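Throughout, read-outs are computed from the coordinates displayed, never taken from laboratory work. What you see is a predicted model, and the numbers here were worked out from it, not measured in a lab. Quick reminder, even Gly has a Cβ in these numbers, built from the backbone with ideal geometry, and neighbours come from all protein chains shown.
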Amino acid sequence: MRRVEAELAARVGGSPSFTQQLLIRRAAKAMLRLELLDARTKDGSLSGREYGALTNGLRLMLRELGVKAAAEKPKTSGAIHEGKDR
C-alpha cells in the first residue's frame, strides 16, 4: 500500500498537499479492497454493488488527483509500421 501511495504522490508532483494526501491514502485503501474483492470472486461471493461503488469511488478520487489514464497505443499491422500498402 505504501508503494501505491508513493506512486500516486509522484503523479501529483511529489509533494502532495494535505487534501491530496487524504485522497491518496483513501485511493490506496480502495485499491487494496478491490484487490481483495477480486480474490473473492473465485468463490462467487462478490457483491456487485460493493465492487461497483469502490470502482467508481476510486475513479473519482484519481480524477480529483489529476491522474490520467495511460493512452493506449493504436493497434496497427506491420504494413503500416513499414509504410507499405497491402
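Structure values in brief
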| item | result |
| --- | --- |
| Region 2-67: relative contact order in percent, alpha carbon pairs under 8 Å with at least 6 residues between | 41 percent |
| Environment charge of residue 62, counting only residues whose C-beta is closer than 10 Å and scoring Lys/Arg +1, Asp/Glu -1 | +3 |
